[in-house]
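One structure is given here, and the rest of the page talks about it.
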Amino acid sequence: MERHVAARILSGRLARGLGQSELAEQAGVHRTVVARTEAAGRVRDSSLKRIAAALGVTLTWLRRPFLNSAPYRTDRSREAQWVATGPSFVRKKGLTSVEALRDPEERARLGSLGLANAFVRVLNNDLPGGRLHALVVETYRKEQEPVTFPGQMFLLVLRGTIRLTLDDDSQILIEGDTVSYWGDVPNLYEPIDGPATVLEVFVDLSDGEIAVRERFRPVPD
């Protein structure tokens, strides 16, 4: 296995405050499998997929270049990688390609036809040992269910209008609006009156760090 894949797994585990045994349990593999991946040892693709899923990432993301000596990472638009989400036949039947998805008109065509719910630009800005993860999402249709995840989310609406639902509360956000929220609250955002483009910045937090916010909850009168 390539060293930068091993480094991404190690960085992702540490960013989430997980031990090897904890990640192994969440992935449904033995701890020694996690240890081998982090040592760039030989691991079955099926095990690697399980570990990627437990980290909330894809194999495509894991395999992108990661290690370098510079204290920064730049993601160029000309090298952008967009992934279609939603109906799986878009990917499985080869209706599009990496090169084609770099064209905003092609993404708009597929989205307007309902062939994908959204397109995600997988930004290659993760720093080894860092905790920030960023995505650009072009969303066309409502997702099926709210999601939860252990961390903090920051959204900036770049284009269009979205409705953000957090548990039983909802609000409308227009172009230029921002919001931050705890990811362990059931959350969902969807476009209103046409597609919308959103910048997501996600910060991984451990359970202990998430629990700190309990100190700041209002005390009932």
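The values are calculated or read from the model by the stated rules, or taken from the named source; none is laboratory data. What you see is a predicted model; the values in this text were computed from it and never measured. A quick note on method: Cβ atoms are made from the backbone with ideal geometry, for glycine too, and the neighbour counts reach across all protein chains shown.
For the structure I just gave you, tell me whether ILE162 is more than 30 Å from SER69 (Cα to Cα) and either surrounded by fewer than 17 Cβ atoms within 10 Å (Cβ to Cβ) or among the aromatic types (Phe, Trp, Tyr) (or both).
For ILE162, the condition - more than 30 Å from SER69 (Cα to Cα) and either surrounded by fewer than 17 Cβ atoms within 10 Å (Cβ to Cβ) or among the aromatic types (Phe, Trp, Tyr) (or both) - is not met.
Within the group LEU62, LEU67, LEU48, which residue is at pLDDT below 80 and closer than 21 Å to HIS133 by Cα?
Answer to the selection: LEU67.
Determine whether PHE202 is within 16 Å of ALA134 (Cβ to Cβ) and not basic (Lys, Arg).
yes
Return only the number of the condition from (1) closer than 21 Å to LEU55 by Cβ; (2) surrounded by 15 or more Cβ atoms within 10 Å (Cβ to Cβ) that PRO146 does not satisfy.
Against the list (1) closer than 21 Å to LEU55 by Cβ; (2) surrounded by 15 or more Cβ atoms within 10 Å (Cβ to Cβ), PRO146 comes up short only on (2).
Do any helices (runs of 4 or more DSSP H) lying entirely in region 85-140 carry at least 2 residues that are surrounded by fewer than 14 Cβ atoms within 10 Å (Cβ to Cβ) and at pLDDT below 80, and which ones are they?
Output list reads 89-92.
Scan region 137-170 for residues that are under 13 Å from the mean Cα position of the chain (by Cα) and of a type outside the set (Val, Ile, Thr) and report the count.
Total meeting the criteria: 7.
Quick check on region 191-221: of everything there that is out of contact with any Asp or Glu (no Cβ under 7 Å at 6 or more places or on another chain) and among the β-branched types (Val, Ile, Thr), which residue is surrounded by the most Cβ atoms within 10 Å (Cβ to Cβ)?
Once the filter is applied, the top-ranked residue is VAL198.
How many of the residues making up region 1-51 are part of a helix (DSSP H, G or I), surrounded by 16 or more Cβ atoms within 10 Å (Cβ to Cβ), of a type in the set (Lys, Arg) and within 18 Å of the chain's Cα centre (by Cα)?
3
What about THR74, is it more than 21 Å from the chain's Cα centre (by Cα) and either modelled with pLDDT of 85 or more or surrounded by fewer than 14 Cβ atoms within 10 Å (Cβ to Cβ) (or both)?
Answer is no for this residue.
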